[in-house]
Amino acid sequence: MLTWLVQTRLAAVLMKSARNCGKSLVTMSATELRPIVMSGPSGSGKSTLLEKLFKDYPGCFAFSVSHTTRKPRPGEKDGVAYHFVSEEQFKKLIAENGFLEYAQFSGNFYGTSKTSVKEITNSGKLCVLDVEINGVKNIKKSGLKPTPRYIFISPPSPEVLEKRLRDRKTETEESLKKRLAAVKEAQEYADTGAYDFIIVNDDLERAYSELKSKLAEDLIIVQENFK
Ligand SMILES: Nc1ncnc2c1ncn2[C@@H]1O[C@H](COP(=O)(O)OP(=O)(O)OP(=O)(O)O)[C@@H](O)[C@H]1O
């Protein structure tokens, strides 16, 4: 466990040396990269923070590719947008305990396989999973190795969260209500100590610095992989 001082120093080094991870894997560190599981109420700022991180460290991170039984839409490539599989193949994977989490929406199955996460980790990149509370619980149950870093992004207050969601202008009144209703449960689960870190997204730059300092060790390893 790193002390706060060491973490702060590592973060300072990283800020000066943020760089592209490049296209080719040069060396593979013996240290196994832990996937990052990020969760938090809708509107807490997960996408905003991840977008900044992906932009500052191009090629260092990747989202895992989900499996689905829905048919590909025009332009969607297998293995890129999704791994498109038949219902039979999907159910076989469920039976083999191959999913970290899966769910059914409007007649189709969607899931995150353990293999998809492994593929990213094996490529030397940091795998990011942006999931809601049930996803976190299922990933914990799945026994995924190496154990992910669980990060919770918390809004400064429910009022600020509601304002940000309203200002985002992506929600209907009904979907907004649903999202706000889920906040208490997510916060209570976070308060049980389910996450390695809780980052309060009050000021974006401050929260982003904190996130980078929490990931400092991983960022050094992943950049070494692509030196
Ligand atoms: N620190 C901040 N200060 C002010 N506005 C912010 C801050 N962080 C994020 N926002 C804004 O709040 C809104 C919600 O953020 P974002 O879309 O990143 O949330 P999210 O957690 O990814 O939500 P969802 O789970 O619904 O995708 C966005 O419009 C974003 O620009």
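Observations, loosely collected:
- The residue of segment 197-217 that is most open to solvent (accessible area, probe 1.4 Å), among those that are near the ligand (Cβ under 9 Å from one of its atoms) and of a type in the set (A, V, I, L, M, F, W, C), is Leu204.
- Residue match in segment 47-65 (condition: in a strand (DSSP E or B) and over 16 Å from the mean Cα position of the chain (by Cα)): no
- Restricted to segment 75-110, and to residues there that are touching a strand residue (DSSP E or B) at 6+ places or on another chain (Cβ under 8 Å) and hydroxyl-bearing (Ser, Thr, Tyr), the residue that is farthest from Val131 (Cα to Cα) is Tyr82.
- Looking only at segment 141-154, residues that are at pLDDT below 95 and touching a Phe, Trp or Tyr at 6+ places or on another chain (Cβ under 9 Å) come to 1 in all.
- Residues that are assigned to a loop (DSSP other than H, G, I, E, B) and of a type outside the set (Ser, Thr, Tyr) were ranked within segment 151-196; the one that is farthest from the ligand (Cβ to nearest atom) is Gly193.
- Matching residues, segment 34-55, being surrounded by fewer than 22 Cβ atoms within 10 Å (Cβ to Cβ) and away from the ligand (no atom under 16 Å from the Cβ): Arg34
- Subset of segment 72-110 [within 25 Å of the chain's Cα centre (by Cα), more than 26 Å from Lys141 (Cβ to Cβ) and open to solvent by 90 Å² or more (accessible area, probe 1.4 Å)]: Arg73, Lys77, Asp78, Val80
The values are calculated or read from the model by the stated rules, or taken from the named source; none is laboratory data. For clarity, every value in this text was computed on a predicted model and none was experimentally measured. Positions of Cβ are generated from backbone atoms using ideal geometry, with glycine treated the same way; all protein chains shown enter the neighbour counts. Quick note on the areas: whole protein, heavy atoms, side chains included, nothing else; ligands and nucleic acids left out. Shrake-Rupley method; radii C 1.70, N 1.55, O 1.52, S 1.80 Å.
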